[in-house]
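The values are calculated or read from the model by the stated rules, or taken from the named source; none is laboratory data. A quick note: this is a predicted structure, and the numbers were derived from the prediction, not measured. Note that we place each Cβ from the backbone using ideal geometry, even for glycine, and neighbour counts take in every protein chain shown.
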Amino acid sequence: MLRHVTRVVVAADDSSRLVYRSWYTLDMKRAAVIIVLVLIGTLILWGRYEDRRLHPREFFVEHQVPFFSQAPTGNWNGLFQNACEEAVILMVAAVRQFPYLTPFDIEKKLIEMVRHEEQQGIGSSMTLANTQKLLKVSYGVESEMIEQPTIDVMKHYLQYRGLIVPASGVVLANPQFRQPLPPYHMILIIGYDDATGEFIVNDPGTRFGESYRYSYDVVMDAMHDWTGSQATILRGEKRMLVVPL
């Protein structure tokens, strides 16, 4: 009797092991299938990202960014005549730090930045490198310098960021600019429209500069960093700052 029972127990034990092994094998197969599917999905998504990065589709992008003129109270005299860099910096900072600013608040902050530059020995026109430093020092905003950008590279970054671009105001030739046209200027690109072939820009050089549009070719031709002289601005390097919005 004991032998019979023992055999039954052993047989039952063997059966449970077989069931366990079969379930274990099934779970491993399921896990392997899931891992393969996840890897395939990841590769597909990465391929689409790379394709979009290298070959941007015809598209429309416009980020919502506060607009400030460099002469917020209408006073274009004195330091406000050359405060385009400071106005662009303030627009970038305002996206996350200043939900509402009055024209007088804006004017005060522009003056504060200009006074800081004077203490640092920086002239009324700033290189893009000095603009990058002031953006960091004044508002803690990190940015990335890009040399010799192409239109496709700019459109790629504009999917998620904004672009600060130094430019010749004469080449931009905005009809709303005061005369004479500014030899050196700075704009904030907030989007683009492939249907019209235009960059969408917040241009602080006019009170009508919100979501202003310049053609791709005009922006690329105008893009020149400050050289230290109005006479040589068109020989300035082509570069831009990528900034968070």
- Task: Sort out which residues of the stretch 118-134 are at pLDDT below 90 and of a type in the set (Val, Ile, Thr), and write them in order of number.
- Result: ILE122
- Item | Matching entry among MET145, MET186 (being within 22 Å of THR131 (Cβ to Cβ), assigned to a strand (DSSP E or B), among the hydrophobic types (A, V, I, L, M, F, W, C) and touching a Leu at 6+ places or on another chain (Cβ under 7 Å)) | MET145
- Message: Based on this model, can you work out whether GLN179 counts as over 22 Å from the mean Cα position of the chain (by Cα) and touching a residue at least 40 places away in the same chain (Cβ under 8 Å)?
- Response: no
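Here is a yes/no grid of residues against (1) touching a Lys or Arg at 6+ places or on another chain (Cβ under 9 Å); (2) under 21 Å from GLY205 (Cα atoms); (3) buried (at least 22 other Cβ atoms within 10 Å of the Cβ):
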site: ALA71; (1), (2), (3): yes, yes, yes
site: CYS84; (1), (2), (3): no, yes, yes
site: LYS108; (1), (2), (3): no, yes, no
site: VAL114; (1), (2), (3): no, yes, no
site: LEU134; (1), (2), (3): no, yes, no
site: ILE151; (1), (2), (3): no, no, no
site: MET154; (1), (2), (3): no, no, yes
- LYS136 fails exactly one of (1) within 22 Å of LYS238 (Cα to Cα); (2) not in a helix (DSSP H, G or I); (3) not aromatic (Phe, Trp, Tyr), namely (2)
- Note on the structure: Selection from the stretch 77-121 of residues within 24 Å of PRO180 (Cβ to Cβ), in contact (Cβ under 8 Å) with a residue 12 or more places away in the chain and not in a helix (DSSP H, G or I) yields ALA83
